[in-house]
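What follows is a structure written as structure tokens; I'll ask about it next.
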């Protein structure tokens, strides 16, 4: 029952798939800027940078990502799966950060 209360107060942040020229990105609103995860290119440094920004955002508190729009193309489906996995992992990561003293309780 306590968990349901926490879910109600959980902040929701928006995300969308964008296309810049021939490249696709999952763009997450981080409050103080955006986090871009490349979907169409193999860019490990950019992905690592995006996840570092996500970790910084998780330190501020738990949140849920909501993917805007509807699409049936490959990039939207990949983004949808990314968001689903991130939403599963964010509370776990936050709890681990709190245990290690890396985030305020």
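The values are calculated or read from the model by the stated rules, or taken from the named source; none is laboratory data. Keep in mind it's a predicted model, so treat the numbers as computed, not measured. For neighbour counting, all protein chains shown are included, and Cβ atoms are generated from backbone atoms with ideal geometry for every residue, glycine included.
Looking at (1) in contact with a strand residue (DSSP E or B) (Cβ under 8 Å, 6 or more places away or on another chain); (2) at pLDDT below 90, find the lone condition where residue 2 falls short.
Failing condition for residue 2: (1).
Against the condition touching a strand residue (DSSP E or B) at 6+ places or on another chain (Cβ under 7 Å), more than 22 Å from residue 18 (Cα to Cα) and surrounded by 12 or more Cβ atoms within 10 Å (Cβ to Cβ), how does residue 61 come out, does it pass?
yes
Another one. Please specify each residue of region 72-105 satisfying the condition of being in a helix (DSSP H, G or I) and touching a helix residue (DSSP H, G or I) at 6+ places or on another chain (Cβ under 7 Å).
Of all residues in region 72-105, those in a helix (DSSP H, G or I) come to 74-99.
The answer is 90, 93, 94, 97.
Each row is one residue, and each column tells you yes or no for (1) within 29 Å of residue 100 (Cβ to Cβ); (2) outside any strand (DSSP E or B); (3) modelled with pLDDT of 95 or more; (4) out of contact with any helix residue (DSSP H, G or I) (no Cβ under 7 Å at 6 or more places or on another chain).
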position	(1), (2), (3), (4)
24	no, no, yes, no
32	yes, yes, no, yes
36	yes, no, yes, no
41	no, yes, no, yes
49	yes, yes, yes, yes
58	yes, yes, no, no
65	yes, no, yes, no
70	no, yes, no, yes
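For residue 54, work out the one condition from (1) within 11 Å of the chain's Cα centre (by Cα); (2) in contact (Cβ under 8 Å) with a residue 24 or more places away in the chain; (3) closer than 19 Å to residue 19 by Cβ it doesn't fulfil.
(3)
Tally up the residues in region 82-103 that are at pLDDT below 95 and either under 11 Å from the mean Cα position of the chain (by Cα) or over 18 Å from residue 52 (Cα atoms) (or both), please.
So the answer is 2.
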